[in-house]
Amino acid sequence: MSIKKTQILADSQVKQIIKRIAYQIFENHFTDKSIILAGVEGNGTYIAQLIHDELVSITSIKVQQIIISLDKQNPTGSGVHLSDEKIKLSDKNVVVVDDVLNTNRTLVYALTPFIRARAKRIQVVVLVDRNHKKFPVAADYIGLQLSTTLQEHIEVNIEKKKVSVNLT
């Protein structure tokens, strides 16, 4: 039996959403000297790269990128690693980026290093928010908000630098 996929967002729509999010980030940080974009390893990293590219085209704010590595199926606070462990996080503005926000479990653990380092401000970007929260964390920038059942799955596909979002 084949699984039915329904495309929710095509590449051009995702790119437009990324542009909008980049402008929203700029509006909220236009007086800042720098921002750290932290992509959750996998699709979050690619989405963070797209946001980075948009931000550097519209502002002179210094935008640093790092990758947050953790096991999404079994995240733990001690199992979260940053690609640049030497980066100074205290008193910095951090924007954490992931593809899909479902129960918020991954996000809670992804925020841990920034909370411990006493970042000045932490914000969250997600491409899709499914609204099945189990933890009290919310995204500041949302590409698309969907009401789905627990049995449905949101899949973000990145192939040859083209992004699509599908519901299965």
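The conditions of being surrounded by fewer than 16 Cβ atoms within 10 Å (Cβ to Cβ), in contact with a Lys or Arg (Cβ under 8 Å, 6 or more places away or on another chain) and touching a residue at least 12 places away in the same chain (Cβ under 8 Å) are not met by residue 69. Counting only residues that are buried (at least 21 other Cβ atoms within 10 Å of the Cβ) and without any contact (Cβ under 8 Å) to a residue 60 or more places away in the chain, the range 90-99 holds 4 of them.
Residue pairs whose Cβ atoms lie under 8 Å apart, separated by 6 or more positions or on different chains, with the first residue in the range 9-26 and in contact (Cβ under 8 Å) with a residue 60 or more places away in the chain and farther than 14 Å from residue 142 by Cβ and the second crowded, with 16+ Cβ neighbours inside 10 Å and not charged (D, E, K, R), are 10/164; 11/163; 11/164; 15/50; 15/163.
Count of the range 19-42 residues, restricted to those that are surrounded by fewer than 20 Cβ atoms within 10 Å (Cβ to Cβ) and part of a helix (DSSP H, G or I), is 8. Scanning the range 129-162 for residues that are among the β-branched types (Val, Ile, Thr), touching a strand residue (DSSP E or B) at 6+ places or on another chain (Cβ under 8 Å) and either exposed (fewer than 15 other Cβ atoms within 10 Å of the Cβ) or free of Cβ contacts under 8 Å to residues at least 60 places away in the same chain (or both) yields 137, 142, 148.
Every read-out reported here was derived from the displayed coordinates using simple, explicitly stated rules and does not represent laboratory data. This is a predicted model, so every value here is computed, not measured. Cβ sites come from the backbone with ideal geometry, for glycine too, and all protein chains shown count toward neighbours.
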